[in-house]
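The values are calculated or read from the model by the stated rules, or taken from the named source; none is laboratory data. Values in this document were obtained by computation on a predicted structure and should not be read as measured data. Please note: Cβ atoms are built from the backbone with ideal geometry, for glycine as well, and neighbour counts cover all protein chains shown. Quick note on the areas: whole protein, heavy atoms, side chains included, nothing else; ligands and nucleic acids left out. Shrake-Rupley method; radii C 1.70, N 1.55, O 1.52, S 1.80 Å.
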Amino acid sequence: IITLCISFLFAGLVSAQVWKDDFEGGKLGKNWTPAVRGGMADAADWKVEDGILKGHWPDWSLQILYLEEYPSLDYTIQVKCRIDQVWQAPEFAGGGFIFRSSGPDEMWPSYYGFGICPSQATFFIDHGGVAGNWQIVGTTPKNHNISQWYTLKLVVKGDKFLGYVDDKPICKLQDDKYKGKFVGLIVSANTDASFDDFMISDKVDETAFDE
């Protein structure tokens, strides 16, 4: 069931303050666009089974699932994430969010990312333009068990980003280079991951970044 709370259905999510998807409809909603970093859209492998969104990509790239352009650059995103399988261990092998992305029309989009892998929580930046133009910019060691659900939350306010795992602030990043309006979900290379109960809201905890 896809739920839009407050205001109307419209193209581009303008006016929506809270948007949710619990993936109970049996298929991806029209607000989502599957993609693969590098432009191989036909290789995108996202499906909904038994109310769970599943992403699969056993290769050296990223599966991306874009939400439509969100009207605000400040927001809170939340999702339940489960790493189902990791075949190899690249620098980031797991699942999570992308945000401030230039979007699905670019073969090599720019974006920020936050997610979990078996040994850490990670912020990374893809500068786009060419293959391999990305970097990990912040990590916090933390074990995440295969097949266990974790609640990921990301607070984005101006040039400050704060990532949470199970309601605990875990990783911070400050950067202002990219301001794209696309957000989404990712599954990294050589990984299967599942997601549930996605939410994005333009409400931001103003105290989240207080020292």
When residues of region 107-130 are filtered for being out of contact with any His (no Cβ under 7 Å at 6 or more places or on another chain), touching a residue at least 60 places away in the same chain (Cβ under 8 Å), in a loop (DSSP other than H, G, I, E, B) and of a type outside the set (A, V, I, L, M), how many remain? 2
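Every residue, every condition in (1) under 18 Å from the mean Cα position of the chain (by Cα); (2) of a type in the set (Ser, Thr, Tyr); (3) within 19 Å of residue 206 (Cα to Cα), yes or no:
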| position | (1), (2), (3) |
| --- | --- |
| 113 | yes, no, no |
| 121 | yes, no, no |
| 125 | yes, no, no |
| 144 | yes, no, no |
| 150 | yes, yes, no |
| 155 | yes, no, yes |
| 163 | yes, no, yes |
| 170 | yes, no, yes |
| 175 | yes, no, yes |
Candidate set from region 164-200 (those that are of a type in the set (Ser, Thr, Tyr) and open to solvent by 10 Å² or more (accessible area, probe 1.4 Å)); member that is nearest to residue 36 (Cα to Cα): 178
Considering every residue within region 141-148, establish whether at least one is in contact (Cβ under 8 Å) with a residue 24 or more places away in the chain and not in a loop (DSSP other than H, G, I, E, B). no
Can you name the number of the only condition in (1) surrounded by fewer than 20 Cβ atoms within 10 Å (Cβ to Cβ); (2) at pLDDT 90 or above that residue 26 fails? (2)
The correct count of residues that are open to solvent by less than 50 Å² (accessible area, probe 1.4 Å), within 18 Å of residue 79 (Cα to Cα) and either touching a helix residue (DSSP H, G or I) at 6+ places or on another chain (Cβ under 7 Å) or among the hydroxyl-bearing types (Ser, Thr, Tyr) (or both) in region 137-160 is 2
Which of the residues belonging to region 159-211 are within 30 Å of residue 146 (Cβ to Cβ), touching a Phe, Trp or Tyr at 6+ places or on another chain (Cβ under 7 Å) and assigned to a loop (DSSP other than H, G, I, E, B)? 166, 188, 189, 190
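Okay, residues lined up against (1) touching a Cys at 6+ places or on another chain (Cβ under 8 Å); (2) open to solvent by 20 Å² or more (accessible area, probe 1.4 Å):
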residue	(1), (2)
86	yes, yes
94	yes, no
103	no, no
111	no, no
117	no, no
122	yes, no
125	no, no
135	no, yes
